[in-house]
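Student: Pasting a structure below so you can have a look.
The values are calculated or read from the model by the stated rules, or taken from the named source; none is laboratory data. Remember, it's a predicted structure, so these values are computed and weren't measured experimentally. Counting neighbours? That spans all protein chains shown, and the Cβs are built from the backbone with ideal geometry, glycine included. With ligands, DNA and RNA removed, areas are computed over all heavy atoms of the protein, side chains included. Shrake-Rupley method; radii C 1.70, N 1.55, O 1.52, S 1.80 Å.
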Amino acid sequence: MTVGKIPFHFFGSVTLDGTKSYDPDGGGTLTYRWRQISGPTVTLTGTTNSRPVVNVAPRSSVQRCVFELVVTDGGKLASAPSTVSVTIVPNFG
């Protein structure tokens, strides 16, 4: 399952969103684990929140960052990893 795709971003902050995650047996409190798995290094804050923030610096070429989310329900069940892509494009104007 793909968490989502943010088509293009120049610079500044991007909020990722894992709020559609749910516990299939309905019994646990969800915990989130976000991490960057590819692309140029960016700052990712709130990696244990459902909506972490990525801070993107201006780039001189098109670059793609991929982030992964794994959700658990208090340690009993863990989701398969889901990914989201952020494409950073130069701001020429």
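Student: Any idea how many residues of region 45-93 are of a type in the set (D, E, K, R), open to solvent by less than 50 Å² (accessible area, probe 1.4 Å) and modelled with pLDDT of 90 or more?
Tutor: The first filter runs over region 45-93 and keeps only residues of a type in the set (D, E, K, R), leaving 51, 59, 64, 68, 73, 76.
So of that shortlist, the ones also open to solvent by less than 50 Å² (accessible area, probe 1.4 Å) come out as 68, 73.
The next check asks that each one be modelled with pLDDT of 90 or more; those that pass are 68.
Going through region 45-93 one residue at a time, the tally reaches 1.
Student: Kindly state which strands (runs of 3 or more DSSP E) lie completely within region 51-93 and contain at least 2 residues that are over 17 Å from T15 (Cβ atoms) and either out of contact with any strand residue (DSSP E or B) (no Cβ under 7 Å at 6 or more places or on another chain) or β-branched (V, I, T) (or both).
Tutor: Filter on region 51-93 gives 63-72.
Student: Could you please find all residues in region 8-44 being outside any loop (DSSP other than H, G, I, E, B), within 18 Å of S82 (Cα to Cα) and modelled with pLDDT of 90 or more?
Tutor: Within region 8-44, the subset outside any loop (DSSP other than H, G, I, E, B) is 8-9, 12-15, 31-38, 43-44.
With within 18 Å of S82 (Cα to Cα) added as a condition, the list becomes 14-15, 31-38, 44.
Scanning region 8-44 gives T15, T31, Y32, R33, W34, R35, Q36, I37, S38, L44.
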